[in-house]
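Right, one structure below, let's go through it.
Derivation of every value follows stated rules applied to the coordinates shown; laboratory data play no part. What you see is a predicted model, and the numbers here were worked out from it, not measured in a lab. When we count neighbours, we look across all protein chains shown, and the Cβ atoms used for this are built from the backbone with ideal geometry, even at glycine.
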Amino acid sequence: MTERRRRVGVMGGTFDPIHHGHLVAAAEVQSWFDLDEVVFVPAGDPWQKSDRGVSPAEHRYLMTVVATASNPRFTVSRVDIDRQGPTYTIDTLRDLRSATPDADLYFITGADALADIFTWRDAEELFALAQFVGCTRPGYTMDEATLASIPADRVTMVEIPALAISSTDCRARTRRGEPVWYLVPDGVVQYIAKHDLYPPDAPAASPPD
Ligand code: ATP
Ligand code: MG
């Protein structure tokens, strides 16, 4: 009897901070596809200054480790944060493929990220490297044209329990002094506070008299 090939989920993200939307999506896809492991892959630091400063990679990596520590099927990879330059999904998948050549890869993304797929580099090779799993996300719908242009045998849409949580909102709440308890894991709440990751915005300078 041939052994079943290992199945590895890949959950890429900025994770600034990681929240329960990410964790529920990963857990749901793990169970749906009977994955042996889900690897969380925090993105590298943008090499050019983006619109907003992204927290340093080491903080985002450690929050991801804290958030996933209790799940025996969840692991965290440094491939993207240890690579120079901006993160492209093609590089993530190539690196993970060479690290685990005998595994089938399942790339997990929210509906918003999947909609951008054709702006990603090397879409053809992406589909060859991994099966794609698009998770529903409150506030985002996939338009018919995008769905129709994705190879049906390479993408599966999965409906996950709706959690209208985003990292953007978690950062904004923290800056306003509002709680993020229960939106992110307890250890992540404490990590954010310990390192003061999202301090209140500096008050705008008052206009001259
Ligand atoms: P930001 O607001 O900073 O963009 P985010 O909440 O979108 O953060 P990312 O790190 O950008 O989080 O997302 C990583 C992946 O997780 C993406 O594929 C995204 O679509 C997916 N994702 C994020 N939040 C949810 C959610 N609440 N439900 C389902 N998928 C999600
Ligand atoms: Mg996002």
Worksheet, complete the sentence: Picking from Pro56, Pro17, Pro72, Pro101, the residue that is over 29 Å from Ser149 (Cβ atoms) and under 14 Å from the mean Cα position of the chain (by Cα) would be Pro17
Practice prompt. Name the residue, out of Ala162, Ala172, Ala193, that is away from ligand 1 (no atom under 14 Å from the Cβ) and either in a helix (DSSP H, G or I) or surrounded by 11 or more Cβ atoms within 10 Å (Cβ to Cβ) (or both).
Written response: Ala193
Worksheet item: When the residues of the range 18-38 are filtered to those that are part of a loop (DSSP other than H, G, I, E, B) and more than 9 Å from ligand 1 (Cβ to nearest atom), which remaining residue is surrounded by the most Cβ atoms within 10 Å (Cβ to Cβ)?
Response: Leu35
Discussion item. Let me spell it out: the conditions are (1) among the aliphatic types (A, V, I, L, M); (2) in contact with a Pro (Cβ under 8 Å, 6 or more places away or on another chain); (3) away from ligand 1 (no atom under 14 Å from the Cβ), and Leu129 meets all of them except one. Which number is the exception?
Written reply: (2)
